């Protein structure tokens with residue numbers, strides 16, 4: 001089998017491979033797994049070399065599945081066995097125990113659990129090392145699918161006859177959705193609601209305890225896809241009737257998105273929830289804003305869409321984490337050449353085509369950030385590696401050598417002269433950002449963590465680098481790469497941020513945000529009820545914003561909670577330059593201004609806009625609003641607004657015992 005890279009260099013995997021029955025690419029794009037009859041082969045994506053040849057099945061291999069962390073490969077054979085292999089070529093274990101054929105292998109999102117299901121009506125749970133945990137019994141028909149919830153705490157098993165059974169992570173039963181004809185399910189982002197697709201062309205919403213919440217009946221043919229918004233209580237569904245339905249979780253239809261002439265294969269929200277994208281079977285990609293207003297049709301041409309489970313574990317329609325770039329990958333397989341022919345297109349969120357790549361290669365994309373001086377954008381394309389582009393001159397490109405294993409976390413130094421990237425080998429690489437050099441190499445490689453790095457940032461003076469990892473640590477580094485402190489959490493650390501005066505905040509899965517001084521000494525904890533995803537400081541450093549699945553919280557530097565905001569109600573935030581006001585847009589296009597030590601005091605509904613973001617101008621007197629219709633500027637008389645806020649907040653400041661230190665704010 002031959003794989004061709006984007007630079008035109010072909011790699012031959014074991015010569016002719018016309019008998020390949022299935023193929024899988026690891027999520028990190030570093031390992032290729034192939035199956036030929038009873039044999040499984042692992043290949044290095046870097047140079048095409050064979051890592052290991054396994055003949056551990058007695059009958060034909062039918063499926064190959066990678067874990068989410070790319071470290072484990074599972075193979076399913078007609079011998080009713082599942083074999084586990086390490087990505088480095090070692091055999092782990094044979095999983096057996098199903099009396100009939102095994103249909104699927106599903107890894108949990110953290111890759112620590114494996115669920116197998118088969119024709120014996122059983123689901124079996126295993127540790128990633130292949131050790132048996134428990135059999136999930138009770139189904140009376142073949143299990144069609146097993147899904148882990150977003151937080152990996154709930155396991156759902158589906159059959160066509162007796163509905164869905166819910167189990168905890170240990171395999172103990174939680175509840176049953178006793179309803180036949182379920183085709184597919186989707187967990188909400190907070191894992192509290194399940195959406196089910198039914199053969200009767202309905203979508204039903206259920207609570208985790210199995211209670212029916214609502215039924216949606218607006219489709220007239222098979223439903224193929226359903227997706228929850230990550231920011232509010234809306235859902236989209238699409239199917240063979242060529243319609244997309246946008247509705248609330250209470251079952252109220254908001255809008256029907258028409259215009260497709262072909263059956264719709266999949267529909268999804270962007271990661272920031274600001275737009276909707278659909279893919280039809282005629283390869284037409286359509287774009288709408290989150291309110292269901294049509295933006296643009298992105299047409300690819302008459303090319304066969306490659307089924308995702310033949311390529312990798314991700315969807316072929318991809319949206320960058322910052323929701324600014326859309327990519328669509330389609331392909332055909334040439335049996336005579338033994339290779340996939342790929343077409344890749346890239347658009348911005350407005351539907352403008354950015355790039356079209358036609359090559360024979362495995363391709364995946366992730367995107368990163370913008371320098372502090374807003375002159376340089378950095379983004380990552382495997383095979384193209386990490387690229388720096390000058391905003392004013394898109395032809396002025398620097399490619400960073402050997403950066404094709406960057407995992408997505410990135411930070412520019414305050415002077416915009418250095419970029420820090422995090423790699424899949426858990427290292428931090430430092431690069432100069434001189435856009436005039438055409439090929440770059442890192443000037444420093446830091447062996448940083450023992451697990452994935454989620455966040456990296458520079459201190460305000462640029463002398464310290466902080467990194468956060470799944471290994472439950474925050475590490476502080478000098479600019480020369482020497483470590484001077486390790487800070488501990490009890491769970492994965494998702495985000496680190498510096499205040500303007502050098503105080504470090506770290507947000508973690510252990511439901512805490514910790515504040516540290518410049519020497520790495522813990523100052524205090526900010527407790528939450530759920531895992532904390534995000535933390536940021538106001539410009540003056542006196543207010544801290546934290547975000548978990550349920551709430552956005554505002555805190556003062558003493559660790560006192562100022563405000564608790566329902567995440568589902570708001571889509572965009574920004575601090576005023578003087579840090580006295582937090583501006584927030586609700587999901588209903590209402591602008592609210594909040595005096596940070598007082599109450600919400602200004603509401604303005606912006607008619608006719610779907611708000612994508614907002615930002616204060618440096619003078620603090622206007623707010624720039626970006627929407628699907630362009631950019632608008634809202635004028636604010638801040639002095640008058642603050643005067644009004646003080647009048648409204650007078651009793652609150654004088655009588656609330658928590659405001660003792662702030663009684664004279666409005667004096």
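The values are calculated or read from the model by the stated rules, or taken from the named source; none is laboratory data. Being a predicted model, the structure only gives us computed values, none of them experimental. Here the Cβ positions follow ideal geometry from the backbone for every residue, glycine too, while neighbour counts run over all protein chains shown.
Worth a mention:
- Strands (runs of 3 or more DSSP E) contained in segment 33-130 and holding at least 1 residues closer than 21 Å to residue 146 by Cβ and in contact (Cβ under 8 Å) with a residue 40 or more places away in the chain: 61-66, 72-77, 82-86, 102-107, 113-118, 123-127
- Selected residue (criterion: farthest from residue 243 (Cα to Cα)) from residues of segment 291-323 that are part of a loop (DSSP other than H, G, I, E, B) and modelled with pLDDT of 85 or more: 291
- Single condition residue 251 does not satisfy, out of (1) assigned to a loop (DSSP other than H, G, I, E, B); (2) over 28 Å from residue 167 (Cβ atoms): (2)
- Residue check, residue 87 more than 28 Å from the chain's Cα centre (by Cα) and crowded, with 17+ Cβ neighbours inside 10 Å: no
- Only one of the numbered conditions (1) touching a strand residue (DSSP E or B) at 6+ places or on another chain (Cβ under 6 Å); (2) surrounded by fewer than 16 Cβ atoms within 10 Å (Cβ to Cβ); (3) at pLDDT below 90 is violated by residue 255, and that is (3).
- Of all residues in segment 258-287, those satisfying the criterion of being surrounded by fewer than 18 Cβ atoms within 10 Å (Cβ to Cβ) and at pLDDT below 85 are 258, 259, 261, 262, 271, 281, 282.
- Within segment 465-475, at least one residue is in a loop (DSSP other than H, G, I, E, B), in contact with a strand residue (DSSP E or B) (Cβ under 7 Å, 6 or more places away or on another chain) and closer than 29 Å to residue 30 by Cβ.
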